[in-house]
Amino acid sequence: MVIVKPLIAIIVGNERNINSEWLLRHFSVVSEAGGIPAAFLSRGDPSNVTAIADGILLIEGPDVHPYFYGEDPSPYMRSVNYERDKFEIELFKRALKMDIPVLGVGRGMQIMNVAMNGTLYQDLEKEIPKAIKHSWDPRETDPSQRLHSIRMKTASKLYDILKDRLDVASTNEIFIHVNSFHHQGIKRVGEGFRSVAFSIDGIAEAIEMKDGFYIGVQWNPQFLPEMRSLYEGFVKAAHESQLRRIQREQIEAEAENSGNEV
């Protein structure tokens, strides 16, 4: 059995995104974690991605169109990409059925939530009167700055993955600081997910599923050195998924050969 590094499909909106600093940082961290990063445009048939990907990384981008969670757009919505939303939602559902790990970052977490019938706040500042500042301008703010605190449940996969690099300890929750470049957030958590990290105003900052590697974070971990463990855990899960897929294919091939010999 020939094993290669797991292929991590990073989904981007269009060709203009290919050379962005934010995407290139994802590429770098995935590669350092032992994966093979590859950019895929959010167009065509999502099955073309799931046919070859060992892991899928859904990244930051425009607002998720409220059509996908049953609402009309508020005046405070910003740019949207309906086709990208549709593609990524279907892609996540396929990945879930096929045991392909998914890591969602920023918008990516919101897509995962909406795919499982969750909803979003279309604009935190307008809908949450006591909301802290989440929407920092990335053109004026260094993305490696830690801009607000979050509390994370220690009884979570996310904490288990990050704990060695965080260098903090607690019984039930820990407090860390993260960067922040979003104006939308999770309102109702999607089916199968649970919130495992929160900002001080109660906004969900991370979600995860009980089974498999399906984790979303609202911050941008590619710029935070202590978050490298998240990519390492993701790539490890993708490698394990790759091995299971190869084993299934071998079993199917052996069964087919046995049938032909009868």
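Structure notes:
- 5 angstrom amide H check on I132, placed H, neighbours 5+ away: D201
- The three principal axes of the Cα atoms in the stretch 75-144 give end-to-end lengths of 39, 28, 22 Å, sorted in falling order.
- Vicinal HN-Hα couplings computed from phi for the stretch 207-223 (Karplus, 6.51 cos²θ - 1.76 cosθ + 1.60; Hz; Gly/Pro x): 9, 7, 9, 5, 9, x, 9, 9, 10, x, 10, 7, 7, 10, x, 5, 9
- Think of it as helices only: each DSSP H run of n ≥ 4 in the chain is worth -39500 (n - 2.57), and spread over all residues that comes to -10500 deg cm²/dmol at 222 nm.
- Cα centroids of the stretch 197-262 and the stretch 157-177: 20 Å apart.
- About the Cα centre, charge dipole magnitude for the stretch 125-262 (Lys/Arg +1, Asp/Glu -1 at Cβ), debye: 620 debye
- With protein chains left intact and a 1.4 Å probe, residues in the chain average 48 Å² of accessible area per residue.
- Taking other residues whose beta carbon is less than 11 angstrom from the beta carbon of M209, and scoring Lys, Arg as +1 and Asp, Glu as -1, yields 0.
- Amide hydrogen proximity for I11: with H placed 1.01 Å from N in the peptide plane, the residues at 5 or more positions away or on another chain lying under 5 Å are F40, L57, I59.
- Each 5 Å bin from zero holds the following percent of Cα-Cα pairs in the stretch 1-156: 2, 8, 16, 19, 20, 17, 12, 5, 1, 1, 0, 0.
- The stretch 32-71 - convex hull of alpha carbons, volume per residue in Å³: 115 Å³
- Cα-centred dipole magnitude for the chain, charges only on beta-carbon of K, R (+1) and D, E (-1), debye, nearest 20: 440 debye
- Highest GNM mean-square fluctuation among E127, E252, E232, for the chain modelled with Cα contacts below 10 Å: E252.
- Dipole of the chain [Lys/Arg +1, Asp/Glu -1 at C-beta], most positive-end residue of N48, G192, A204: A204
- Rg/Rh for the chain (Cα atoms only, Rh after Kirkwood) is 0.99.
- Note on K130: aspartates and glutamates with a C-alpha under 20 Å away, same-chain residues under 8 apart excluded, are D201, E205.
The values are calculated or read from the model by the stated rules, or taken from the named source; none is laboratory data. Keep in mind the model is a prediction, meaning the values are calculated, not measured. Note that we place each Cβ from the backbone using ideal geometry, even for glycine, and neighbour counts take in every protein chain shown. With ligands, DNA and RNA removed, areas are computed over all heavy atoms of the protein, side chains included. Shrake-Rupley method; radii C 1.70, N 1.55, O 1.52, S 1.80 Å.
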